[in-house]
Amino acid sequence: MAPALGLVGKAVTFDTGGISIKPAAKMHEMKFDMSGGAAVLEAMGAIAALELPIHVVAVVGATENMPSGHAMKPGDVFTAMNGTTIEVNNTDAEGRLVLADCLAHAVELGAERLVDVATLTGAIVVGLGKITTGLFGTPQPWIDHIRSAADRAGEKVWQLPLYDDYKDQLKSEIADMLNSPGRPAGSITAAMFLKEFAGSGPWAHLDIAGTAWAEESKPWQPKGATGAMIRTLIEVARAGLP
């Protein structure tokens, strides 16, 4: 039987930052923090409509991040579904906590090739702007497969490194990992965090924080949600799995 493709999407329907609350100025745009989950849902619909001959598992982590009397707090320690303990030092780094269990669940459901899509970090916007999606993962042949699919789909991606040295920034004194190790290489350390939950098979992470939302209209797209990576996911499925 051919390996199963797992598509995983972050769908934080509104993100205030929680107790580590965001500045008010552009918080209204945080309704687009569900763009990764929306991309996975739309890709699944297209894969079904096209009747592509592939086994696909989809997991979408849908929630919201709000301050309340029951909200998680800086200093809390959580245990992910794979047993990893996580110290929360910033409640605004919630997306990786959602994706951690989603990735582990996709592996549990039998996904042998993983792609996750998420508006994960402001750091990727600093690094690549609003034009290019950040691409991370392992092994290299799987990343090449994703990049080729993006090229065919007409979507721009750029691979960033996942050297083991970056994992040192995730060390916690009271848990297995920190959820937010600081500003240096922020998009890379976020991807390193996710890698711990993706199992031993091929995995790719697409950070669409910069590309999921257009602040002005273009001839080929209106202002607002762009549908980033939907076409790429479809092309990944159309090409079959290596």
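The values are calculated or read from the model by the stated rules, or taken from the named source; none is laboratory data. Small disclaimer: the values here were computed from a predicted structure and weren't measured. Positions of Cβ are backbone-derived with ideal geometry, glycine not excepted, and every protein chain shown enters the neighbour counts. Just so you know, the surface numbers come from the protein's heavy atoms only, side chains and all, with ligands and any DNA or RNA stripped out. Shrake-Rupley method; radii C 1.70, N 1.55, O 1.52, S 1.80 Å.
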- So how many residues does the stretch 26-37 have that are aliphatic (A, V, I, L, M) and open to solvent by 60 Å² or more (accessible area, probe 1.4 Å)? 1
- Query: Do you know which residues across the stretch 196-221 are open to solvent by 20 Å² or more (accessible area, probe 1.4 Å) and among the charged types (D, E, K, R)?
  - Reply: Glu196, Glu215, Glu216, Lys218
- Please identify the pairs in which a residue from the stretch 154-180 that is over 27 Å from Ile131 (Cα atoms) has its Cβ atom under 6 Å from the Cβ atom of a residue that is of a type in the set (S, T, N, Q), counting only partners at least 6 apart or on another chain. Gln169/Thr189; Ala175/Thr85; Asp176/Thr84; Asp176/Thr85; Leu178/Asn89; Leu178/Ser172
- Taking the stretch 227-240 as the search range and keeping residues that are in contact with a helix residue (DSSP H, G or I) (Cβ under 8 Å, 6 or more places away or on another chain) and assigned to a loop (DSSP other than H, G, I, E, B), which one is surrounded by the fewest Cβ atoms within 10 Å (Cβ to Cβ)? Gly227
- Give Leu52, Leu99 a once-over and let me know the one that is touching a residue at least 60 places away in the same chain (Cβ under 8 Å) and more than 21 Å from Ala118 (Cα to Cα). Leu52
- Before we move on, is Thr189 under 17 Å from Lys130 (Cα atoms), open to solvent by less than 60 Å² (accessible area, probe 1.4 Å) and modelled with pLDDT of 95 or more? no
- Select the strands (runs of 3 or more DSSP E) contained entirely in the stretch 73-149, then report the ones holding at least 3 residues which are in contact with a Phe, Trp or Tyr (Cβ under 7 Å, 6 or more places away or on another chain) and more than 21 Å from Ile54 (Cα to Cα). 133-138
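Which of the residues belonging to the stretch 12-21 are out of contact with any Pro (no Cβ under 7 Å at 6 or more places or on another chain) and open to solvent by 10 Å² or more (accessible area, probe 1.4 Å)?
Listed by number, the residues that qualify are Thr13, Phe14.
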- Selection over the stretch 38-66 where residues are in a loop (DSSP other than H, G, I, E, B) and open to solvent by 60 Å² or more (accessible area, probe 1.4 Å) yields a count of 5
- On the given criteria, is Lys10 of a type in the set (Lys, Arg) and over 21 Å from Trp203 (Cβ atoms)? no
- In the stretch 150-170, the residues that are within 25 Å of Ser217 (Cα to Cα) and either in contact with a Phe, Trp or Tyr (Cβ under 7 Å, 6 or more places away or on another chain) or among the small types (Gly, Ala, Ser) (or both): Ala150, Ala153, Gly154
- May I ask you to list the residues in the stretch 84-95 that are open to solvent by 20 Å² or more (accessible area, probe 1.4 Å) and either under 18 Å from the mean Cα position of the chain (by Cα) or over 20 Å from Asp116 (Cβ atoms) (or both)? Thr85, Glu87, Asn89, Asn90, Asp92
- Test result for Ala100, open to solvent by less than 10 Å² (accessible area, probe 1.4 Å), under 16 Å from Met229 (Cβ atoms) and either polar (S, T, N, Q) or in contact with a Leu (Cβ under 9 Å, 6 or more places away or on another chain) (or both): no
- Item | Breaking point among (1) part of a helix (DSSP H, G or I); (2) open to solvent by 10 Å² or more (accessible area, probe 1.4 Å); (3) within 18 Å of Ala4 (Cα to Cα); (4) not basic (Lys, Arg), for Asp165 | (3)
